[in-house]
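This is the structure I want to talk about, given as structure tokens.
The values are calculated or read from the model by the stated rules, or taken from the named source; none is laboratory data. The structure displayed is predicted, hence computed values, not measured ones. When we count neighbours, we look across all protein chains shown, and the Cβ atoms used for this are built from the backbone with ideal geometry, even at glycine. Heads up: the accessible areas ignore ligands, DNA and RNA and are worked out on the full protein's heavy atoms, side chains in. Shrake-Rupley method; radii C 1.70, N 1.55, O 1.52, S 1.80 Å.
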Amino acid sequence: MASFSPKINAKILFLLTLFIAWGGLVLAQSNSYDVILKNGRIFDGTGNPWFKADIAIKDGKIDRIGDLESASASEVIDLKGLYVSPGFIDIHSHAYGPIALEGGIASDDVRRRQAPNLISQGITTIIGNHDGRSVDEPFDQQLENLESMGIGVNTGLLVGHNTIRRKALGENYRRLATESEIMDMRNQVREAMQEGAFGMSAGLEYVPGRWSNTEEVVALVKEIVPYNGVYISHQRSEAKTPMLWLPSDENPNPPTLLDAVEETIEIGEKTGATVVASHLKSRGSNYWGGSGAAISLVEQARKRGVPIYADQYPYNTSGSDGSTVLIPRWAFDFDEFGIEREEEPDFSLPVKEALQDEELRETLYKDITHSMKYRGGAERIVVFEYPDSSYIGKNIAELSQMHKISNVEMVLKLQQDGFKNRPGGVRLRSFSMHQDDLDAIAKTDWTATTTDGMITLPEDGPDIHARYYGTFTRKIHKFALTDGTISVPDAIRSSTSLPAQIMGIQNRGLIEEGYYADIVVFDMNTIQDRSTFFDPHQYSTGIRHVFINGEQAYAGGKFTNALLGKALTPQNSSLEK
């Protein structure tokens, strides 16, 4: 038998020891993470029930899911008794865009860029430039600006139909576009898609989109298809009539919600693009229940292969409901009634003149009656600000009974006795939707949860929609835990993987290895929206941790104030290379 010298044996032993030590170091390094979330109950975003596991985060991504008892990390957070979800994705946000409060996520004020009212309800990603309105700058520049200034949540952008239409048609937009103008708009859409837009938004109930036709929109949507873009539409109508229509208008046959849904389906069918009926609703006391027919139209289209979806905020009052004026605009026309408009105008004066004319008075009464129905009826139109504080919190019907006059006469009395320099004389909020319609839409498996909201701070005052603070927590607390309209897994899916799927957002929306670590940790016992319409600036409860790209934006219920968001594009989900 061969023998080895002691020198050779010692050398082999040394090398073997070195190899074992190196292997142990490699193994230790492979099991060393930035953060480990232990003992969480995980809703993975697919709609499945929760399962218990640990999550390891490394380099901004979810590296491992499972039993990580032997692994180490720079930070270990025990989530015993808590629940884990993918970060919530808000695909209809006004936190970025021309109407964002004080610049929103692109504000010079870092407090707004930190997006506290979004993060505190679990939002980690938003899509901006909605309702046909987009910032009129090159898209690559918009994205670079967001990335360089630092933003609180991930942000992707759409190109707005109304913005490009006004650019192509100028101020002469109350007409159909010409072929050359449509070509101009097509070029604008294509350029935006090449520079990183996720798709196109439309506001067909607004100016100037309301003067477009379906053919124009189809031509533009065709331009987003090669880029897998998404068309998201504030449709032409969400009720029996469009928002701006009145009986005194010349058009006797305004489009209904069902007409609008059919148009969105037609656009999807003719282009092949993914289309979204935005903030789907059936508003107005004379159109409650309309959601059933709208849902049926969408279901039938989906069976034919049309990739149509919807989004919804879980409230029975809209943004425009918060600025309800029941007296028509024509009744405030100083010039028409030969009244000189002072620097501090008295809006009761032209209304008084209109009431002196029998024909105009009849028209005025019809328009006010229509507006009350559109806003949910006199019982659902509530006073929020008025010189006589005893009126605050009461609805029009209650005030009418108190004064023993009709509802229309009460509306006119509010103008005459109220704030003279304010159209309507009063700040009203109406509650134009019925809970049955909200529930029916929420139950569909193709409707994503969205805020239709903005970044806001307490200094913005009281006229703020509660959805800005509480949309996603409300979906879980009210619709799942309290009312049982949907399950918690379904509420989470509608807020995570479904919106990611609709938008084509890569590697976000699921708790899955290799995905970005956008994660929400919450307490099922305390998760709840707290924002109300009389006291809106209240953060939700129950959100314990929010991770964005692997780092904490919200830790133990406290803001870290870190700017962790990325500017997203469809191609790579982040500008980071």
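Cβ-Cβ under 7 Å, sequence separation 6+ or interchain: first residue in the stretch 293-305 and over 12 Å from Val275 (Cα atoms), partner open to solvent by 40 Å² or more (accessible area, probe 1.4 Å). Which pairs?
Short answer, once both residue conditions are applied: Ala293/Leu258; Ala294/Leu258; Leu297/Leu258; Leu297/Glu262.
Something else about it: Pick out the one residue from Ala466, Ala480, Ala491 that is free of Cβ contacts under 8 Å to residues at least 24 places away in the same chain and open to solvent by less than 20 Å² (accessible area, probe 1.4 Å).
Working: Ala466 fails: free of Cβ contacts under 8 Å to residues at least 24 places away in the same chain; Ala491 fails: free of Cβ contacts under 8 Å to residues at least 24 places away in the same chain.
After ruling out the rest, the residue left standing is Ala480.
Inspect the stretch 173-185 for any residue being of a type in the set (Ser, Thr, Tyr) and in contact with a Phe, Trp or Tyr (Cβ under 7 Å, 6 or more places away or on another chain) and give the result as yes or no. Walk me through how you get there before you give the answer.
Within the stretch 173-185, the first condition is being of a type in the set (Ser, Thr, Tyr), and the residues that meet it are 173, 178, 180.
Going one step further and asking which of them are in contact with a Phe, Trp or Tyr (Cβ under 7 Å, 6 or more places away or on another chain), we end up with 173.
Looking for residues that are of a type in the set (Ser, Thr, Tyr) and in contact with a Phe, Trp or Tyr (Cβ under 7 Å, 6 or more places away or on another chain), one finds at least one in the stretch 173-185, hence yes.
Filter the stretch 243-293 down to the residues that are hydrophobic (A, V, I, L, M, F, W, C) and in a loop (DSSP other than H, G, I, E, B), then identify the one that is most open to solvent (accessible area, probe 1.4 Å).
The extreme case among them is Trp288.
To keep it simple, each residue is scored yes or no on (1) under 19 Å from Lys373 (Cα atoms); (2) of a type in the set (A, V, I, L, M, F, W, C).
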| position | (1), (2) |
| --- | --- |
| Met410 | yes, yes |
| Gly424 | yes, no |
| Thr450 | no, no |
| Met454 | no, yes |
| Leu457 | no, yes |
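Condition (residue is part of a helix (DSSP H, G or I), at pLDDT 95 or above, open to solvent by less than 70 Å² (accessible area, probe 1.4 Å) and in contact with a strand residue (DSSP E or B) (Cβ under 7 Å, 6 or more places away or on another chain)) applied to the stretch 163-173: is it met by at least one residue?
Step one: of the stretch 163-173, the residues part of a helix (DSSP H, G or I) are 163-169.
In the following step, the residues that additionally are at pLDDT 95 or above were identified as 163-169.
With the extra rule that they be open to solvent by less than 70 Å² (accessible area, probe 1.4 Å), the set shrinks to 163-165, 168-169.
Okay, now just the ones that are also in contact with a strand residue (DSSP E or B) (Cβ under 7 Å, 6 or more places away or on another chain), so none.
No, because not a single residue in the stretch 163-173 is part of a helix (DSSP H, G or I), at pLDDT 95 or above, open to solvent by less than 70 Å² (accessible area, probe 1.4 Å) and in contact with a strand residue (DSSP E or B) (Cβ under 7 Å, 6 or more places away or on another chain).
Search the stretch 351-366 for residues that are without any contact (Cβ under 8 Å) to a residue 40 or more places away in the chain and pair each with any residue that is outside any helix (DSSP H, G or I) and buried (at least 16 other Cβ atoms within 10 Å of the Cβ) when their beta-carbon atoms are under 6 Å apart and the residues are at least 6 apart or on different chains.
That search, which allows pairs on different chains as well, returns Glu353/Phe337.
Mind counting the residues in the stretch 191-211 that are open to solvent by less than 10 Å² (accessible area, probe 1.4 Å), farther than 17 Å from Asp311 by Cβ and in contact (Cβ under 8 Å) with a residue 40 or more places away in the chain?
5
I'm told Gln235 meets every condition in (1) within 18 Å of Ala197 (Cβ to Cβ); (2) open to solvent by less than 10 Å² (accessible area, probe 1.4 Å) except one. Can you identify the failing condition by its number?
All conditions are met except number (1).
Say whether the condition of being of a type outside the set (A, V, I, L, M), in a loop (DSSP other than H, G, I, E, B) and under 18 Å from Gly470 (Cα atoms) is met by at least one residue in the stretch 139-153.
Yes, that holds for at least one residue.
Let me ask you something else. Could you identify the single residue in Gln538, Gln506 that is of a type in the set (S, T, N, Q), surrounded by fewer than 24 Cβ atoms within 10 Å (Cβ to Cβ) and closer than 26 Å to Ile57 by Cβ?
The conditions single out Gln506.
Considering only residues that are surrounded by fewer than 16 Cβ atoms within 10 Å (Cβ to Cβ) and either touching a Pro at 6+ places or on another chain (Cβ under 6 Å) or assigned to a loop (DSSP other than H, G, I, E, B) (or both), which ones fall in the stretch 314-338?
Once the filter is applied, which keeps residues that are surrounded by fewer than 16 Cβ atoms within 10 Å (Cβ to Cβ) and either touching a Pro at 6+ places or on another chain (Cβ under 6 Å) or assigned to a loop (DSSP other than H, G, I, E, B) (or both), the stretch 314-338 yields Asp333, Asp335, Glu336, Gly338.
When you check Ile182 against the structure, is it open to solvent by 10 Å² or more (accessible area, probe 1.4 Å), in contact (Cβ under 8 Å) with a residue 12 or more places away in the chain and under 27 Å from Asn228 (Cα atoms), yes or no?
Yes: the conditions hold for Ile182.
Follow-up. Can you list the helices (runs of 4 or more DSSP H) found entirely within the stretch 342-445 that contain at least 2 residues being open to solvent by less than 10 Å² (accessible area, probe 1.4 Å) and over 18 Å from Arg329 (Cα atoms)?
Those helices (runs of 4 or more DSSP H) span 396-403, 435-442.
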